[in-house]
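Heads up: the structure comes next, in structure tokens.
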Amino acid sequence: MSPAQLAFDRDHLWHPYTSLVDPLPVYPVASADGFLIKLTDGRELIDGMSSWWSAIHGYNVPALNRAVQDQLAKMSHVMFGGLTHEPAVALGQRLVEITPQGLDRVFLADSGSVSVEVAMKMAVQYQHALGHRGRTTFLTVRGGYHGDTTGPMSVCDPVTGMHQLFAGFMPRHEFFDRPPGGYDAALDRDYVSGLEEFFHRHADRAAAFIVEPVVQGAGGMHFYSPRYLEEFRRLCDEYGLLLIFDEIATGFGRTGPLFVGADAGAGTGTERGGSRQPDIMTVGKALTGGYLTLAATLCSNRVAEVIGAGEASVLMHGPTFMANPLACAVAVASIDLLLGRDWPADIARIKAGLARHLRAAAQKPGVKDVRVLGGIGVVELHDPVDVASIQARFVAEGVWVRPFGRLVYIMPPYVISDAALELLCRAVVKYV
Ligand SMILES: *Cc1c(COP(=O)(O)O)cnc(C)c1O
């Protein structure tokens, strides 16, 4: 890429969460293949980010390329109003089959944020249809991240989401503390009684409780026990709220199970199957293997039937690029590729590698905590990193890691080799 092109990028293109006045440096990419990102100057970087949880199979994947090309030869898009197509049906079938039991109705959205908007609108329409017109508030926990459009943003962590900046523009919802940390931690009874009180106080105005199950991603890479999901379920039932799981980051095996919500009876949870069953669930990010933007909102028959019997009778949403055939086709291929390989073995292997090679970071003075869950490794620091300088050191080391705040974290493609994973972890340990 020429200096002039880079200068144009710097002066005219917004990058995620950056300033156009004083932007962080960007690195021009020529191509990507497997777990390697190739820069235009010829350097190759081991990918530690899966392009934000999405590229689980790595890049330039033959089966996924073929799926897009085959679909492209038929049609890249047709409207979904009044028309349908094989890729949408095939994807719907797979999603109904592999997501937690009972989530049988599928809305195909064009990004994660939109799928959360749809989930929230479903919940409000559901309550409205039941005659609960005042139930328009959402309950959630602090530390969450659900996307950047207004609805999702309003249930993101109020501090890191800078809610004061949008006061008056954004709806206000109710926040309780996030569950205390540790995937294997025992249930904290005081926390649960606080949560009970929180539901008691706000439930009569609330449509739903929305949460990222077990892993809070962009809100702080916080892990908590699946036992709390059962408490969320119990309280939602008791107070007539819908339970929404946002599995946009956790879905497709990243934390260990294919979906956290489907993993009843695993971990330290009880054996009561279905007790952590959500009413509505969102998936995105890894849905297309990182190829194209696509997400889905799944809900139970009951939610769909109540909405259908309500005053509006229809779900009030329908994006222009709903169920885009190219995106659906590559999502089908990505799911088939995932299920066709021994992905639990990949996750177990990556988890073991992360645990072994990141452990040394815990000895460093700036490090507060090192934690690993499934294919996610997190090094939490005492102080925020200087992103520009640590990023430059990582690139010089031949790895792609993008820290935020006090968090240096990696979640590599499932196809990463053991040797590359070790190099990735060594670079992290070296520079934190
Ligand atoms: C990334 C993310 C979103 C938003 O998805 P986009 O495709 O970026 O709109 C929502 N929820 C969670 C948990 C996410 O990680």
### Task
Evaluate the distance, in nm, between pseudo-label points positioned 7 Å from the Cα of SER417 and of GLU86 along their respective Cα→Cβ axes.
3.7 nm
### Label-point separation, ARG43 to HIS15 (7 Å along Cα→Cβ), nm
1.3 nm
### Message
Relative contact order for the stretch 75-340: what percent, with Cα pairs under 8 Å and sequence separation of 6 or more?
### Response
30 percent
### Task
Which order do the peptides 12-22, 118-128, 36-46 take when ranked by the mean count of other beta-carbon atoms within 10 Å per residue, highest first?
118-128, 36-46, 12-22
### Among VAL29, LEU195, GLY144 the positive-end extreme of the charge dipole of the chain (Cβ point charges)
VAL29
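Using C-alpha positions alone, give me the convex hull volume of the stretch 119-162 per residue in cubic angstrom. Please report the intermediate quantities before stating the final value.
Numbers: hull volume 3.1 nm³, N = 44.
Cα convex hull per residue, to the nearest whole number: 70 Å³.
Taking the Cα centre as origin and putting +1 on Lys and Arg beta-carbons and -1 on Asp and Glu beta-carbons, what dipole magnitude results for the chain, to the nearest 20 debye?
Details: 37 positive and 45 negative charges, 79 e Å.
Roughly 380 debye, rounded to the nearest 20.
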### Task
Please name whichever of PRO278, LEU243, GLY58 sits farthest to the positive end of the charge dipole of the chain, dipole taken about the Cα centre and charges placed at Cβ: Lys and Arg +1, Asp and Glu -1.
GLY58
### Query
Can you list the lysines whose alpha carbon is less than 21 Å from that of LYS368, not counting same-chain residues fewer than 8 positions off?
LYS351, LYS430
### Query
If you count, for each residue, the other Cβ atoms within 10 Å and average over each peptide, how do 399-405, 214-220 line up from highest to lowest?
214-220, 399-405
### Query
In straight Cα distance, which aspartates and glutamates are under 20 Å from LYS364, not counting same-chain residues fewer than 8 positions off?
GLU380, ASP383, ASP386, GLU397, GLU422
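What's the carbon and sulfur percent of the chain's accessible surface, probe 1.4 angstrom, rounded to a whole number? Don't skip to the answer; put the middle values down first.
Details: 10290 of 18440 Å².
After summing per-atom areas, the C and S share lands at 56 percent.
Tell me the mean residue ellipticity at 222 nm calculated for the chain from its helices only (DSSP H runs of n ≥ 4, each -39500 (n - 2.57), averaged over every residue, nearest 500).
Computed mean residue ellipticity for the chain: -11000 deg cm²/dmol.
Compute the FRET efficiency between ARG359 and LEU187 as 1/(1 + (r/R0)^6), taking r as their Cβ-Cβ distance and R0 = 30 Å, and round to the nearest 0.05.
That gives a FRET efficiency of 0.65.
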## Note on the structure
With every protein chain kept in place and a 1.4 Å probe, the chain has an accessible area per residue in Å² of 43 Å²
#### Entry: Bins of 10 Å, starting at 0 and running to the largest distance - Cα pair percent for the stretch 125-261
12, 43, 36, 9, 0
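Taking N as the number of residues in the stretch 59-98, what value does Rg over Cα atoms divided by 2.2 N^0.38 Å take? Provide the component values of the computation, followed by the final result.
On the way: Rg = 12.0 Å, N = 40, 2.2 N^0.38 = 8.9 Å.
In units of the globular-protein estimate, the stretch 59-98 measures up at 1.35.
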### Query
For the residue pair HIS77 and ARG402, what label-to-label distance in nm results when each label sits 7 Å from Cα along the Cα-to-beta-carbon direction?
2.3 nm
### Message
Beyond 31 Å, how much of the Cα-Cα pair distribution for the chain remains, as a whole percent?
### Response
40 percent
### Query
Taking the Cα centre of each part, how many Å lie between the stretch 48-65 and the stretch 180-213?
35 Å
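The values are calculated or read from the model by the stated rules, or taken from the named source; none is laboratory data. Please read all numbers here as calculations on a predicted model, not as lab measurements. Quick reminder, even Gly has a Cβ in these numbers, built from the backbone with ideal geometry, and neighbours come from all protein chains shown. Just so you know, the surface numbers come from the protein's heavy atoms only, side chains and all, with ligands and any DNA or RNA stripped out. Shrake-Rupley method; radii C 1.70, N 1.55, O 1.52, S 1.80 Å.
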